[in-house]
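The values are calculated or read from the model by the stated rules, or taken from the named source; none is laboratory data. Predicted, not measured: the structure shown is a model, and the values here were computed from it. Positions of Cβ are generated from backbone atoms using ideal geometry, with glycine treated the same way; all protein chains shown enter the neighbour counts. Surface areas here come from the heavy atoms of the whole protein model, side chains and all, with no ligands, DNA or RNA. Shrake-Rupley method; radii C 1.70, N 1.55, O 1.52, S 1.80 Å.
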Amino acid sequence: MNEQRSTTDLLITNVRPYGEGEPVDVVVRDGVITEIGAGLTAPEGAESIDAEGAILLPGFVDLHTHLREPGGEESETIETGSAAAALGGFTALFAMPNTDPVADTAVVVEHVRRRGDEVGLVDVHPVGAVTVGLGGTKMAELGTMARSRARVRMFSDDGRCVNDPLIMRRALEYASSLDAVIAQHAEDHRLTEGAQAHEGVVASRLGLAGWPATAEETIVARDCALAREAGAALHICHVSSVHTLEVIRAAKAAGVRVTAEVTPHHLLLTDAALTSYDPVNKVNPPLRTGVDTAAMRAALAEGVIDVVATDHAPHASQYKDTEWAAAKPGMLGLQTALSVLVLACVESGQLDWRGVARVLSERPAEIGGLPDHGRPIAVGEPANLTIVDPEGAWTVRGANLVSKASNTPYEGMRLPATVVATVLRGTVTARDGKVAS
Ligand code: DOR
Ligand code: ZN
């Protein structure tokens with residue numbers, strides 16, 4: 001991995017691990033943390049970063065990214081998406097398979113993995129499709145993808161739900177034998193045909209066809225039962241409804257191996273944003289109500305929801321600058337994830353910096369099966385790190401984000417906290433808003 005970038009040693013001074021205690025210095029040699037303490041000196045030839053009292057966290061891990069390559073390069077490439085990830089503080093990500101061709105074969109997942117390694121800004125782990133062509137009717141060759149050089153450990157039809165219960169059951173059983181996880185986009189498509197917005201007061205007033213929350217809740221209930229029976233690991237993508245939380249809570253209490261993610265936008269934004277009819281707010285699952293966002297924040301703090309995952313979904317302007325019904329669903333997420341999480345959950349006192357490390361790094365690394373990410377900040381551990389300035393408020397401008405597309409719902413918003421630098425195995429991949437060259 002990391003074929004292009006050569007590793008240099010690194011000294012980070014004046015930094016506060018997890019935002020706790022007095023600032024310390026951290027020395028990294030050959031990609032590993034070798035010293036933590038006061039007044040440390042740089043190894044010969046080392047790069048150094050004066051963190052000026054900023055916070056040191058384990059590098060972020062995104063379980064849900066759309067990189068669009070192959071086939072959607074007008075919206076994003078593995079290179080531009082990796083740059084956005086590094087600038088957002090991420091050291092690893094999982095690339096969803098709804099590309100063209102779909103990542104449902106060893107050839108495609110190996111291509112994505114290899115290209116990610118060549119770019120070398122973030123560890124790119126391809127997610128394999130559950131069904132051939134995301135068609136929902138024939139299971140893809142999960143074993144071949146798992147055994148390929150891409151070593152796929154997460155499978156999903158994201159963008160589509162694995163709606164057929166028999167296919168879902170078999171996929172869970174098979175994934176379990178491969179030590180892999182099935183990540184379900186929970187949406188009963190029979191209940192959401194033609195849906196354009198959260199089914200509720202706002203959609204009625206705007207005359208938009210509704211996406212009922214029960215379409216999510218019922219699939220999650222079904223899949224928790226199937227996962228229990230198979231003894232398999234099930235991950236629920238982008239939970240959006242308060243009712244789904246009760247299902248997950250009960251399943252976890254019953255010992256089902258279920259984990260769940262929430263997106264930054266489902267923590268912060270509601271369907272009140274839809275009154276502008278600006279398709280930048282169109283996303284699947286849709287923005288819901290203030291009751292739902294409040295419940296998501298509480299569930300994340302409590303651990304019913306395990307992680308924040310971006311669902312970074314770049315769309316070129318031709319897919320977004322259209323009338324509402326014709327626009328594709330999705331929002332940029334990688335470069336704004338930390339700031340939105342801080343705004344939604346840290347400033348409200350629901351999460352501290354340990355909590356941020358848990359939901360953006362430690363738990364996603366565990367769920368994705370990445371032994372070298374989400375590790376404690378300690379001597380002997382791999383130097384996958386993110387430095388965060390909690391005072392560094394910034395104003396979001398889609399045009400300034402490094403993604404090829406600029407479909408951010410936070411345009412013009414002032415958000416708290418900046419990523420000062422990102423470190424992948426000791427190599428600085430982003431610093432002061434610029435990607436390492
Ligand atoms: O809003 C979304 N965009 N939801 C999905 O499930 C898919 C994604 C995309 O690929 O654009
Ligand atoms: Zn999805």
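Over region 123-269, the pair-distance histogram of Cα-Cα distances with 10 Å bins from zero comes to 12, 40, 33, 13, 2, 0 percent, rounded to whole numbers. Working from label points 7 Å from Cα in the Cα-to-Cβ sense, the Lys434 to Ser48 distance is 2.0 nm. Dividing the summed helix terms, -39500 (n - 2.57) for each DSSP H run of n ≥ 4, by the number of residues in the chain produces a 222 nm estimate of -7500 deg cm²/dmol to the nearest 500. Taking every pair of Cα atoms in the chain, average 1/r, invert it to obtain the Kirkwood radius, and report Rg/Rh to two decimals. Rg/Rh for the chain comes to 0.95.
Taken per residue, the accessible surface of the chain reaches 37 Å², heavy atoms only and a 1.4 Å probe. Label-to-label distance for Asp352 and Thr144 is 5.1 nm, based on points extended 7 Å past Cα in the beta-carbon direction. Relative to the current alpha-carbon distance between Arg151 and Ala250, full extension at 0.36 nm per residue lengthens the span by 32.4 nm. Looking at this model, which pairs from Lys282/Lys434; Lys252/Lys328; Lys252/Lys320; Lys328/Lys434 are more than 31 angstrom apart at the alpha-carbon? The answer is Lys252/Lys328; Lys252/Lys320.
Once the Cα-Cα distance is subtracted from the 0.36 nm per residue extended length, the Asp321 to Leu178 segment shows a gain of 47.3 nm. Given their separation in residues at 0.36 nm each and the Cα-Cα distance between them, Met413 and Glu229 gain 61.7 nm when the chain is fully extended.
Evaluate Rg over Rh across region 183-269, taking Cα atoms for both radii and Kirkwood's formula for Rh. Spell out each step's value before the answer.
Values: Rg = 13.8 Å, Rh = 13.6 Å.
Expressed as Rg/Rh, it is 1.02.
Can you compute the charge dipole magnitude of the chain about its Cα centre, using +1 on each Lys and Arg Cβ and -1 on each Asp and Glu Cβ, nothing else charged? Give it in debye, rounded to the nearest 20. Walk me through the intermediate numbers first.
Working: 37 positive and 57 negative charges, 151 e Å.
Dipole of the chain, to the nearest 20 debye: 720 debye.
Per the 1.4 Å probe, what fraction of the accessible area of the chain, in percent, lies on carbon and sulfur atoms? C and S fraction of accessible area: 49 percent. Among Met168, Met139, Met413, the residue with the largest mean-square fluctuation in a Gaussian network model of the chain, with springs joining Cα atoms closer than 10 Å, is Met413. Legend: residues Lys434, Lys252, Lys282, sorted from most to least accessible area (1.4 Å probe; ligands, DNA and RNA excluded), read Lys434, Lys252, Lys282.
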